[in-house]
Amino acid sequence: DGRMPLTPLVSWAQRHEEIYLRVELTDAQVTQGHGAKGQNEYEFSLEFLLPVKSEVSHRSTQRHVNITLQKEQRGWWERLTRQERKPVFLAPDFDRWLDESDAEMEIREKEEKKNKLKSQRHEEKGFVSLTTGMLFVYNLVQFLGFSWIFVNMTVRLFIFGRDSLYDTFHTISEVMFFCQILAAVEVLNAAFGVVRTGVIPTLIQVVGRNFILFIIFGSVEEMHNQPVVFFVFYLWSAIEIFRYPFYMLGCFNTEWKTLTWLRYTIWIPLYPLGVVAEAVAVIQSIPIFDETKLFSIPLPKAVGASISFSYVLHVYLVLMFLGLFINFRHLHKQRKRRFRTKKRKAN
């Protein structure tokens, strides 16, 4: 039929690089600005103020057709069409309308947001790599310390035989003091979530070892040349020379299968043996604390006595085996979790 095409309502807005057109059409099938509804054809033509690029993107909704055009040159147009009198069907799109300074603000805000995100990501990355670096150095220092202890004790055992058992404290204690004081960092790492591990098991181990080292061995001269010192130190360092290199590799998300297996297995015999050796040390020190009255707890003059530190040690012996039980369970769970997930991944 010879009906004239109708002109739809068109609203427009701009940014520095784009022109937005919104054509008011219901259920339109669009071919570059042509729409159809029932028998009516709609069309409009606009002669733009300045050239636009040929690629056009459009999206139809139920009530509109949204068209986006790219300006050939970035810039702000004072109007949309070449002729000064705007066509009747054309109106500003107030939803998207911005004047030039607002549009510039929008660009600036976008840029700022992008930069902020970038710097945040950068900071996070920096922080992560700094933490990882520090963890690596920490584990390396501990590994070197305990390796020195282990190798030194082994060599001395071969050279001096049984005699080396009696002067372990004099030759090894300073490095052991250093390593065990440094081990307190692990409690902090666990507490602040730097490493994913339980605070309680770490605390039990660090406090327990330092108690043996500083109170039982360190404060009592008579304990210095007891052979039990050798066994305690040897068992401690034997566990650590596998634990710390495992953590060092963990800093780089790599693992060495054998080392992983050793780290999660070697403690099964060594850890209980270590606690037994520590218990022997405590039992041997009890008469010495009784005799020397060291660390004894004074009572009021009326009673006229003091409670020997050995009572504390009796309680400590019970706590040691409780600690062993708690940590053993924790380590066993860790081991099961580690190897179960490995198997699942292999299938």
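The values are calculated or read from the model by the stated rules, or taken from the named source; none is laboratory data. Quantities reported herein were computed from a predicted structural model and do not represent experimental measurements. Positions of Cβ are generated from backbone atoms using ideal geometry, with glycine treated the same way; all protein chains shown enter the neighbour counts. Surface accessibility is based on the protein's heavy atoms, side chains included, excluding ligands, DNA and RNA. Shrake-Rupley method; radii C 1.70, N 1.55, O 1.52, S 1.80 Å.
A compact table of results
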read-out	value
Residue in the stretch 179-194 that is farthest from the chain's Cα centre (by Cα), counting only those that are over 24 Å from V232 (Cβ atoms) and surrounded by 14 or more Cβ atoms within 10 Å (Cβ to Cβ)	N189
V151 being assigned by TED's automatic domain parsing to the domain that holds V232 and either within 19 Å of R209 (Cα to Cα) or over 21 Å from the mean Cα position of the chain (by Cα) (or both)	yes
Residue in the stretch 274-289 that is open to solvent by 60 Å² or more (accessible area, probe 1.4 Å), within 18 Å of N327 (Cβ to Cβ) and at pLDDT 95 or above present	yes
Failed item in (1) surrounded by fewer than 16 Cβ atoms within 10 Å (Cβ to Cβ); (2) in a strand (DSSP E or B); (3) modelled with pLDDT of 85 or more, with S11 passing the rest	(1)
Single residue of I215, I239 found to be open to solvent by 30 Å² or more (accessible area, probe 1.4 Å) and either within 20 Å of F309 (Cα to Cα) or of a type in the set (A, V, I, L, M, F, W, C) (or both)	I215
Residue in the stretch 181-189 that is of a type in the set (V, I, T), part of a helix (DSSP H, G or I) and under 16 Å from C251 (Cβ atoms) present	yes
Selected residue (criterion: nearest to T202 (Cα to Cα)) from residues of the stretch 302-316 that are of a type in the set (A, V, I, L, M, F, W, C) and open to solvent by 30 Å² or more (accessible area, probe 1.4 Å)	V315
Filter pass, L98 being aliphatic (A, V, I, L, M) and loosely packed, with under 11 Cβ neighbours inside 10 Å	no
Residue among R63, R79 that alone is open to solvent by less than 100 Å² (accessible area, probe 1.4 Å) and either of a type in the set (D, E) or in contact (Cβ under 8 Å) with a residue 24 or more places away in the chain (or both)	R79
Meets criteria (among the aliphatic types (A, V, I, L, M), over 24 Å from V228 (Cβ atoms) and in the same structural domain as E222 (by TED's automatic domain parsing)) for V194	yes
Every residue from the stretch 103-131 that is closer than 29 Å to G75 by Cα and touching a residue at least 60 places away in the same chain (Cβ under 8 Å)	A103, E104, E106, I107
Test for L69: is it at pLDDT below 95, in contact with a helix residue (DSSP H, G or I) (Cβ under 8 Å, 6 or more places away or on another chain), over 30 Å from E221 (Cα atoms) and surrounded by 14 or more Cβ atoms within 10 Å (Cβ to Cβ)	no
Residue check, L299 surrounded by 15 or more Cβ atoms within 10 Å (Cβ to Cβ) and among the hydrophobic types (A, V, I, L, M, F, W, C)	no
Flag for L50 being modelled with pLDDT of 85 or more and either in a strand (DSSP E or B) or open to solvent by less than 40 Å² (accessible area, probe 1.4 Å) (or both)	no
Answer from F230, F252 - the residue that is at negative phi, at pLDDT below 95 and not acidic (D, E)	F252
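Each row is one residue, and each column tells you yes or no for (1) crowded, with 20+ Cβ neighbours inside 10 Å; (2) under 26 Å from T202 (Cα atoms).
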site: L135; (1), (2): no, yes
site: V141; (1), (2): no, yes
site: F146; (1), (2): yes, yes
site: V151; (1), (2): no, yes
site: V155; (1), (2): no, no
site: H170; (1), (2): no, no
site: F177; (1), (2): no, yes
